[in-house]
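What follows is one structure encoded as structure tokens, with my remarks underneath.
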Amino acid sequence: EPVSQGDPNCKVDLAFLMDGSWSIGKRRFKIQKDFLAEVAQAINVGVAGPMMGIIQYGDDHVTEINLKTYSSSKEVKSAIDKIVQKGGLSNVGKALSYINKQYFSDANGNRGGAPNVAVVLVDGWPTDKVEEASRLARESGINIFFVTIEGPDDNEKHNLVEANFVDKAVCRTNGFFSLPVTSWFALRKAVQPLVKRVCDTERLVCSKTCLNANDIAFVIDGSSSVGTGNFRTVLQFVANITREFEISDTDTRVGAVQYTYEQRLEFAFGQYNNKAELLNAIKRINYWSGGTSTGAAITYTAEQLFSKSKPNKRKIMIVITDGRSYDDVRAPALAVHRQGVIAYSVGIAWAAQDELEYIATDPDKEHSFFVDEFDNLYKFVPKIIHNICQEFNSQPRN
């Protein structure tokens with residue numbers, strides 16, 4: 001019979017964290033294995049569809065099945081059959097930390113183009129804290145689901161190591177990522193609802209991270225005061241920021257405008273869809289030389305670049321200038337802020353502090369930077385990346 005390539009409508013890298021703790025007993029461990037086998041059957045595993053792996057956790061965790069080991073549901077099912085209970089506590093936090101650091105690695109079969117999904121099965125409640133490990137996993141793009149079986153009732157809440165552990169762990173707290181099951185014997189009923197959710201890639205919002213979900217426009221001062229050598233240094237700065245992001249048509253896209261009195265679109269969002277081409281295009285930008293109309297350049301960037309931005313991307317503008325503008329920057333900056341653009345200003349040498357603050361999104365101290373000389377620009381690369389990520393990761397999770 002022809003080997004199925006898997007269900008293309010469910011292309012996800014799916015890891016199950018199964019509970020191997022002693023509290024669960026032999027019989028329920030077997031029910032858990034049957035559940036995983038039914039899930040494997042229902043999702044239709046294959047290289048063009050979902051790939052499925054399993055980690056069993058107790059005191060420690062052990063990888064039972066790597067993501068890339070099996071390429072059909074049948075193979076996954078027979079591997080599940082051979083899993084033996086480990087025993088120990090229910091250290092979910094420890095296991096989540098492992099999936100974040102090691103399990104979803106390229107070497108283990110993480111495909112990159114497929115969302116990472118981790119489904120935690122837990123009997124009762126974890127014996128360690130999950131909040132920090134979950135946050136780090138979310139920030140690296142892992143969509144965490146929790147299936148809690150016979151979770152704590154009101155009389156048992158005082159036994160918890162961490163209150164509201166499900167809400168602290170899951171991707172979003174809107175109910176989509178948590179499936180409470182009242183008893184082990186009702187677990188089978190969760191197969192279809194769970195499969196439907198993990199395959200709904202549109203709703204796997206934690207795949208978006210601060211590094212893969214932006215449209216970034218660089219607005220580069222090409223005026224005469226910059227000079228050829230310093231202009232190269234600016235382009236190096238632009239390249240160093242760009243290098244930190246995941247670049248593709250579906251990930252972060254980068255565009256660039258150079259300005260003097262006039263403006264020039266150097267390249268548009270999505271014109272270069274891999275990092276090497278993009279870095280090459282940045283290097284090839286020719287220094288223009290002329291006046292400094294920063295306000296007009298911001299308006300031009302909004303029209304040429306941000307009007308073509310994708311709705312699910314964060315719009316980020318980074319303005320780099322070395323002098324006071326000949327025109328008003330205040331009104332153009334306000335207009336782009338109102339369009340939802342997050343604006344950073346980087347001033348060098350003779351740049352005007354008041355203008356840098358008008359351009360920057362509030363709070364200014366996190367979005368506006370100034371250096372005396374071009375050679376010190378590189379120092380702001382980590383600060384800008386850190387700020388973009390901090391803002392992205394502090395969005396509410398409801």
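The values are calculated or read from the model by the stated rules, or taken from the named source; none is laboratory data. All values derive from a computational prediction rather than experimental measurement. With ideal geometry, Cβ positions are generated from the backbone for all residues, glycine too; neighbour counts draw on all protein chains shown. Side chains are part of the model used for accessible areas, which takes the heavy atoms of the whole protein and leaves out ligands, DNA and RNA. Shrake-Rupley method; radii C 1.70, N 1.55, O 1.52, S 1.80 Å.
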Stokes-Einstein translational diffusion, segment 214-394 - Kirkwood Rh over all Cα pairs, 1.306 mPa s, 10 °C, in µm²/s: 100 µm²/s
Within the accessible area of the chain (1.4 Å probe), percent carbon and sulfur: 49 percent
Shape call, segment 13-203: gyration tensor on alpha carbons, a/c limit 1.5: rounded
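For segment 13-203, what is the accessible area per residue in Å² when the probe is 1.4 Å?
43 Å²
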Additional length obtainable on full extension of the chain from Ser224 to Val84, 0.36 nm per residue less Cα span: 43.2 nm
Cα radius of gyration and Dmax for segment 206-255 (Å): 13.5, 45
Highest average packing first - 389-396, 213-220, Cβ atoms within 10 Å: 213-220, 389-396
